[in-house]
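Working notes, beginning with the structure itself.
We did not get these values from a lab; they are worked out from the coordinates using the rules stated. As the structure is a computational prediction, the values presented were derived from the model and not from experiment. Quick reminder, even Gly has a Cβ in these numbers, built from the backbone with ideal geometry, and neighbours come from all protein chains shown.
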Amino acid sequence: MDSHVGSSKIITAPIITEDGKPIKDPLVLLEATSDQHTMQGSSSSSGNENEVDKSENRVVNKQTIEWKLLLHQIGLDVLRTDRSMVFYENKENLSKLWDILAVYAWIDKEVGYCQGMSDLCSPMIVLLNDEADAFWCFERLMRRLRGNFRCTQQSVGVENQLQHLASIIQVLDPKLHDHLETLGGGDYLFAFRMFMVLFRRELSFGDSLYLWEMMWALEYDPDIFSTYEHIGTVAGVTPGYKQKVKSMRQFGKYERENMKNGTSDNDGPVPISVFLVASVLKENSPKLLQEARGIDDVIRILNDVNGNLDAKKACAIALKLHRKYLKK
């Protein structure tokens, strides 16, 4: 599709115009391989005469153009991802991250690439030596989280989780909810980032992985793998699985509480990440009530959480809030 993928290079400037013409820009030539090489690679690998207009050296396939327009955006995000880590001082590791995100953007055309995916993909590169293994782990993770990145009117991703968060805070801390509504934050959009990158910015690299492993173990459902077999399946929905379960011991602690209380809706059980965000708000409730005089103050107070969040404590509080919410 493009000779830059797998070349140990990263694109950080546009290589193509919106009408498919290659861009001969000095910055592009400096950062990437030659345009001619790129177009030859594209035409020879596709085997499709409609892919490239050889007379103008122009890409004519719309999907290919849309994908190539994403490549430099991915590159700019990759250069900002986990740069404090010694691991990424090696440019080959940065190029692996770019390769994986570029390929994923092609195979999942509905979602493509969105900011935040690099934060989710980075741990796969760090933990796994093999680029292909890292890609498939990331692809499976995205089957679980891709709904967060959908930007359609029918989206049930972050928007849906924000609505759940609002309901939870309204029940468990009505004072705080009313205060946030007064400040114009009743949509809880200030919590958007926590959901999108699963606390990667609020925790150290190691602690964020610790949190991921805990939260996915807590909401473990032995049948849930089937919901990831086909892209587009809503995570957490396994029709009728509760009827065929003989023992709840195999389920995670969070999921067992859901099953005991029969909680479910059309979108499946509320993910534990919603209660984790609620735990952060509850812990900072006194400060938010006293100091927040606008949404900027709310964002500032929550940003102060960065580096100070205790993953294990957050999970413990989230479970308590979950039980309390179910009772109420």
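Suppose the chain between residue 18 and residue 136 were pulled fully straight at 0.36 nm per residue; how much longer would it get relative to their current alpha carbon spacing?
Working: separation 118, 0.36 × 118 = 42.48 nm, distance 3.02 nm.
My answer for the length gained is 39.5 nm.
With equal scatterers on the alpha carbons only and no solvent term, can you work out the Debye log10 of I(q)/I(0) for segment 52-104 at 0.24, 0.26, 0.27, 0.30 1/Å?
So the normalised log intensities are -0.88, -0.96, -1.00, -1.12.
Kindly provide the Kirkwood hydrodynamic radius of segment 269-328 in Å, to one decimal, from all pairs of distinct alpha carbon atoms. Mind dumping the intermediate values first?
Numbers: mean 1/r = 0.0813 Å⁻¹.
After inverting the pairwise mean of 1/r, the radius is 12.3 Å.
What are the lysines whose alpha-carbon lies under 24 Å from the alpha-carbon of residue 175, with same-chain residues fewer than 8 places away excluded?
Counting by Cα, and skipping residues close in sequence, residue 175 has these lysines nearby: 282, 287, 313, 320, 324, 327, 328.
What is the spread of the Cα atoms of segment 166-226 along each of their three principal axes, largest first, in whole Å?
40, 28, 18
How many nm is it between the label spots at residue 293 and residue 175, if each spot is 7 Å from the Cα in line with the beta carbon?
2.0 nm
Any idea what % of Cα-Cα pairs in segment 61-189 are farther than 18 Å?
Tail fraction, whole percent: 61.
Starting from the amide H of residue 58, placed 1.01 Å from N in the peptide plane, find each other amide H under 5 Å away whose residue is 5 or more places distant or on another chain.
So residue 58 has HN proximity to 53.
Starting from the Cα-Cα distance between residue 91 and residue 249, subtract it from 0.36 nm times their residue separation and give me the gain in nm to one decimal.
Using 0.36 nm per residue and subtracting the Cα-Cα distance, I get 52.3 nm.
Trypsin sites (Lys or Arg not before Pro) within segment 58-96: which are DSSP loop residues with at most 12 other Cβ atoms inside 10 Å?
Taking segment 58-96 and a limit of 12 other Cβ atoms within 10 Å, the loop trypsin sites (Lys or Arg not before Pro) found are 80, 83.
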